[in-house]
1. Given axes a ≥ b ≥ c from the Cα gyration tensor, I'd like to know whether segment 48-173 is rounded (a/c under 1.5), prolate (a/b larger than b/c) or oblate.
2. Let a ≥ b ≥ c be the square roots of the eigenvalues of the Cα gyration tensor of the chain; is it rounded (a/c under 1.5), or, if not, prolate (a/b larger than b/c) or oblate?
3. With only Lys, Arg, Asp and Glu charged, each at its Cβ (+1 for the first two, -1 for the last two), find how big the charge dipole of the chain is about the Cα centre; round to the nearest 20 debye.
4. Dividing the alpha-carbon radius of gyration of segment 250-334 by 2.2 N^0.38 Å (N being the number of residues), what value is obtained?
5. Find the relative contact order for the chain and round it to a whole percent, using C-alpha pairs within less than 8 Å whose residues are 6+ positions apart.
6. For Asp173 and Ser161, compute 0.36 nm times the residue count separating them, minus their Cα-Cα distance, and round to one decimal in nm.
7. Given Cα positions, please report Rg to Rh for segment 141-213, the hydrodynamic radius being the Kirkwood one.
8. At most 16 other Cβ atoms within 10 Å plus a DSSP loop assignment makes a site exposed; report the longest stretch of the chain without any exposed chymotrypsin sites (Phe, Trp or Tyr not before Pro).
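The values are calculated or read from the model by the stated rules, or taken from the named source; none is laboratory data. Keep in mind the model is a prediction, meaning the values are calculated, not measured. When we count neighbours, we look across all protein chains shown, and the Cβ atoms used for this are built from the backbone with ideal geometry, even at glycine. Just the protein is used for accessible areas: all its heavy atoms, side chains included, with ligands, DNA and RNA removed. Shrake-Rupley method; radii C 1.70, N 1.55, O 1.52, S 1.80 Å.
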Amino acid sequence: MRFGAQTGGVEMRTVFDAEHEDIRTTVRKLLQRDADPDDLVVDAATNGFLGIGVPEEYGGGGSPDPRFLVTVAEEFVRAGHLGHAVRVVAHAGVAAPLIAEHATAETRAQWLPGLATGVTRVGIGRTALRVTASGDELILYGHAHSVVDGPEAGLLVLRVSDPAADDAVVLVDTTSPGIARTDVATPLALGGANLADLIFDEVRVPAKSRLPHAAVADFDKDDRLWLAVLAVAGTRAALDTTIAYVKERKVFGTPVASFENTRIVLGEALAQCEAAETLIDAVIAERVSSTLTTERSAVAKLQAIELFSRISDQGMQLHGGYGYMREYPISQLYADARYFRLGIDGSTALATELADRIAT
């Protein structure tokens, strides 16, 4: 169903069925009774949400269907916990499926049981670190910025660049010597994402830590998909909180929601949000049917993040001076949207690729 309290009705989105909505209801109740945001990811693990896609033989839910996790993520965002949602999808939507699909049996047995229960946390590094091969080892250098769950991660899933070979995805045990972590204690955006900057100074890992080359495309595809899902959820949350505010806020005794400009701006924003959600639902369906391409997920991510930025900006404007006060949710969403814009990596390359397709 539409998860926005202000902008949504009770109709079920066609990409979901009753089982997915049951999970949504469960998560919503969980968030309503959990007053401590620090416990949210622990509660997600306790309820099995972090291991939804982990095969049953490793203690997970055994469902490769991403729609269950989509409902979890959307409800986290709706309740004002976008940063925590980023942690959940990085763990359960990107890392766990990648390892289950591409890692060796030995590596799966090493990491998946801990991922299924949440005992092992995962940090995702999108910054392309440098890696060189030396015998049966890989040596990593560089700086990974704003790694989600970086302070607590026992496992890192890193996108790396090898000057002598193709790009790769490497799994790194955080107990490996040479890793320095700097926690981002009070970030302006993504509160709850548990961010840290990581420096790699000749970190040596076994060569078998490199996943097969096909993992690169799957990493990019799923990472972009989940950023898009969260950005559209953030857009809906920004619109929802703005509508609630303008209904309550009065100027000279008149609700701001009744002003013509407000109605036009929010009407257009709602139409754009509905269109973006339709695109995301189509992309989710493609992921379910294993037809999603990296290009398609990149398009969805680019559109979703641009919209999140635009709608959160409009929402902040309609809040007036109150929009700049941190106790108002729109202020946090505005900052979160700016953080997401850092994720528009490769948008120029994508535009070039699409232009080349048109030319041919």
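1. In terms of gyration-tensor shape, oblate.
2. Prolate is the answer for the chain, as a/c is 1.5 or above and a/b outweighs b/c.
3. Magnitude of the dipole: close to 860 debye.
4. 1.39
5. 15 percent
6. 2.5 nm
7. Reported Rg/Rh, Kirkwood definition of Rh: 0.99.
8. The segment 1-251 is the longest one with no such site.
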